[in-house]
Amino acid sequence: MTQDEMKKAAGWAALEYVTAGSIVGVGTGSTVNHFIDALASVKDQIKGAVSSSEASSIRLQELGIKLFDLNEISEFAVYVDGADEIDPSMAMIKGGGAALTREKIVAAVAERFVCIVDGTKTVDVMGQFPLPVEVIPMAREYVARELTKLGGQPVYREGVVTDNGNHILDVHGLSITEPVALEARINAIVGVVTNGLFAERGADVLLVGTPEGVVKK
Ligand SMILES: O=C[C@H](O)[C@H](O)[C@H](O)COP(=O)(O)O
């Protein structure tokens, strides 16, 4: 079974959490793209979606799924998104596709976060995947120096501008044993828009695509 087949299996399994007549929160990335395909198969039974990126919005619209602005809705039941790593406490690293800030905002409004990953993304301790940090462009080098003081090695993701017009630093060399504390610590650096740790608000449901089928945690 390929990694993409495992992503597809997890993406389609998330349909179980979509209820008739609802607005669905939709994340970003290659795993979510499979979920969007699945969502299109029930598009006549849902109200529509609220999206976390320009890329997902385009895909949702191409498949005929109505988009809602987050400012139009005060609550919705389920947000479905992938992750770059997820630990046993259901804390995640996200932002490999640079969509972390809008993802965190949409996730904050959802009652439940359903995380869909392939089997390579579950880890005991996060940090092998470099932690993305979205920064205001003029603060990039200042924030990089502050992240170095925390023990990481930040690398500017050259050529990438986020949907919000900002830059990304990928922080290598972290061993993230206290994700809630580190998320808050990095967000407190002036110039940081948000960081890719989703720990304070982690996943509520985890669906892992494996060669043996989709495992739910
Ligand atoms: O910014 C991107 C998102 O956080 C993605 O959810 C994450 O990078 C996982 O993406 P993929 O499903 O493509 O591995």
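Can E178 be described as of a type outside the set (V, I, T), open to solvent by 40 Å² or more (accessible area, probe 1.4 Å), at pLDDT 95 or above and within 20 Å of M126 (Cα to Cα)?
Values: of a type outside the set (V, I, T): yes; open to solvent by 40 Å² or more (accessible area, probe 1.4 Å): yes; at pLDDT 95 or above: yes; within 20 Å of M126 (Cα to Cα): yes.
Here the answer is yes, as E178 does meet what is asked.
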Practice item. Would you be able to tell me the number of residues in the range 137-161 that are closer than 20 Å to E85 by Cβ and open to solvent by less than 30 Å² (accessible area, probe 1.4 Å)? Key: 2
Point to revise | strands (runs of 3 or more DSSP E) contained entirely in the range 70-136, each with at least 2 residues that are surrounded by 20 or more Cβ atoms within 10 Å (Cβ to Cβ) and near the ligand (Cβ under 9 Å from one of its atoms) | key: 110-118
Review point. In the list T162, T177, T122, T194, which residue meets the criterion of being under 16 Å from the mean Cα position of the chain (by Cα), farther than 24 Å from V78 by Cβ and touching a residue at least 40 places away in the same chain (Cβ under 8 Å)?
Key: T162
Check your understanding: V171 is checked against (1) open to solvent by less than 30 Å² (accessible area, probe 1.4 Å); (2) part of a helix (DSSP H, G or I) and fails just one. What number does that condition carry?
Key -> (2)
Review point. Counting only residues that are away from the ligand (no atom under 16 Å from the Cβ) and not in a loop (DSSP other than H, G, I, E, B), which one in the range 58-69 is farthest from F198 (Cα to Cα)?
Key: E62
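The values are calculated or read from the model by the stated rules, or taken from the named source; none is laboratory data. The structure presented is a predicted model; accordingly, all values stated were derived computationally and were not measured. Positions of Cβ are generated from backbone atoms using ideal geometry, with glycine treated the same way; all protein chains shown enter the neighbour counts. When the accessible area is computed, the model is the full protein with side chains, heavy atoms only, and any ligands, DNA or RNA have been set aside. Shrake-Rupley method; radii C 1.70, N 1.55, O 1.52, S 1.80 Å.
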